[in-house]
Amino acid sequence: AQTVTQSQPEMSVQEAETVTLSCTYDTSESDYYLFWYKQPPSRQMILVIRQEAYKQQNATENRFSVNFQKAAKSFSLKISDSQLGDAAMYFCAYRSSYNNNDMRFGAGTRLTVKP
Amino acid sequence: DVKVTQSSRYLVKRTGEKVFLECVQDMDHENMFWYRQDPGLGLRLIYFSYDVKMKEKGDIPEGYSVSREKKERFSLILESASTNQTSMYLCASRLPTGAQETQYFGPGTRLLVL
């Protein structure tokens, strides 16, 4: 079974600075999707960014970008110009294209943003 | 905007009680999911449903059952609550069309079993 590992339980960043959250995964499949979800305190989990494994180009959404290294099975999230509203729990997730009801989540990284 | 709502944000129950957690989505999604979220473990799939009255077990179905009588509603049932079921429960829904589809989550129900 696929596993997703987030090795940083907690991270902190100064407002306006850049922070990178790490994620690695283990799979023998070639076709899959990777996701970063954000869960603000007491609020709903929302999708931040998505990456298709067959695309070499790294996904970008405004201040959020990923560094996808398929061979290394690494999928890190970079948050630029951090804002107070970025404080949240961030989950990395993997979904197989062969069994797309099976979504695997990492343990999460709690991001604190210091003013 | 997709809306996934859960019947309770916080719930306190006694050991042995039967507990119902309700989830409703308003976007006509075929697929609905129940996850359990625990610190250090992330989200783990309990059950999912891909159509009315259809369900499949996830990774941790023991002690839980589900019901999907209408497309928009997916219920999680704890037949006899135990203290080790104290957790955050998240419902989610999405379209079944492919692995790229965004999964939409409810706000969660924090359940405490005493």
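The values are calculated or read from the model by the stated rules, or taken from the named source; none is laboratory data. On a predicted model such as this, the values are computed, not experimentally measured, just so you know. Heads up, the Cβs are rebuilt from the backbone with ideal geometry, glycines too, and the neighbour counts pull from every protein chain shown. Please note that ligands, DNA and RNA were not included when accessible areas were found on the heavy atoms of the full protein model with its side chains. Shrake-Rupley method; radii C 1.70, N 1.55, O 1.52, S 1.80 Å.
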### Query
Roughly how many nanometres apart are two label points built 7 Å out from the Cα toward the Cβ at residue A:52 and residue B:71?
2.7 nm
### Query
Do any residues of the stretch A:11-46 lose at least 20 Å² of accessible area when the full set of protein chains is present rather than just their chain alone, and if so which, with a 1.4 Å probe?
A:33, A:37, A:39, A:42, A:44, A:45
#### Entry: HN-Hα J in Hz across the stretch A:56-64 - Karplus 6.51, -1.76, 1.60, θ = phi - 60°, x for Gly and Pro
7, 6, 6, 6, 9, 9, 6, 7, 9
### Message
Skipping prolines and chain starts, which residues have an amide H placed within reach, meaning under 5 Å, of the one on residue A:88, given they are 5 or more residues away or on another chain?
### Response
A:111
### Mean shadow area of the stretch A:5-73 over all directions, Cα convex hull, nm²
5.7 nm²
### Query
How many square angstrom of accessible surface are buried between B and A, both sides summed, with a 1.4 Å probe and rounding to 100?
1800 Å²
### Summary
Contact-by-burial set, the stretch A:94-112, min loss 30 Å², accessible area of protein heavy atoms with 1.4 Å probe, reference chain alone, gives A:95, A:100, A:101, A:103, A:104, A:105, A:107
### Summary
Whole-Hz Karplus couplings 3J(HN,Hα) for the stretch A:29-36, θ = phi - 60° and coefficients 6.51, -1.76, 1.60, Gly and Pro as x, run 7, 9, 10, 6, 10, 10, 9, 10
### Query
When the accessible area of each residue in the stretch B:67-114 is compared between its chain alone and the complete protein assembly (1.4 Å probe; ligands, DNA and RNA ignored), which residues differ by at least 20 Å², being lower in the assembly?
B:94, B:99, B:100, B:102, B:103, B:105, B:107
### Task
Determine one quarter of the surface area of the Cα convex hull of chain B, which equals its mean projected area, and express it in nm² to one decimal.
6.8 nm²
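Take the Cβ-Cβ distance between residue A:60 and residue B:28 as r, set R0 to 30 Å, and report the resulting FRET efficiency rounded to the nearest 0.05. The partial results should precede the final answer.
Working: r = 30 Å, r/R0 = 1.01.
The pair residue A:60/residue B:28 has a calculated efficiency of 0.50.
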### Query
What is chain A's relative contact order, in percent, from Cα pairs under 8 angstrom and six or more apart in sequence?
37 percent
### Query
Under the Karplus relation 6.51 cos²θ - 1.76 cosθ + 1.60, θ = phi - 60°, what is the ordered set of whole-Hz ³J(HN,Hα) values for the stretch B:19-35, x standing for Gly and Pro?
10, 10, 10, 10, 9, 10, 10, 10, 10, 6, 6, 6, 9, 9, 9, 10, 10
### Task
Any chance you could list P(r) for chain A, counting all Cα-Cα pairs in 5 angstrom bins from zero, rounded to whole %?
2, 12, 24, 25, 19, 10, 5, 2, 0
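In Å², what does the accessible area per residue of chain A work out to with a 1.4 Å probe?
Working: 5620 Å² over 115 residues.
It amounts to 49 Å² per residue over chain A.
Tally up the carbon and sulfur contribution to the accessible surface of the stretch A:1-61 as a whole percent, 1.4 Å probe, everything protein left in place. Could the numbers behind the result be given before it?
Details: 1370 of 3410 Å².
C and S fraction of accessible area: 40 percent.
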### Summary
Hydrodynamic radius by Kirkwood for the stretch B:33-83, inverse mean 1/r across distinct Cα pairs, in Å, is 11.5 Å
### Summary
The long-range amide H neighbours of residue B:82, using H built 1.01 Å from N in the peptide plane and a cut-off of under 5 Å, are B:16
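Using only Cα atoms, figure out Rg for the protein assembly as shown and give it as a multiple of 2.2 N^0.38 Å. The partial results should precede the final answer.
Details: Rg = 17.6 Å, N = 229, 2.2 N^0.38 = 17.3 Å.
Expressed relative to 2.2 N^0.38 Å, the Cα Rg reads 1.01.
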### Task
Give the distance, in whole Å, between the Cα centre of the stretch B:18-73 and the Cα centre of the stretch A:48-79.
29 Å
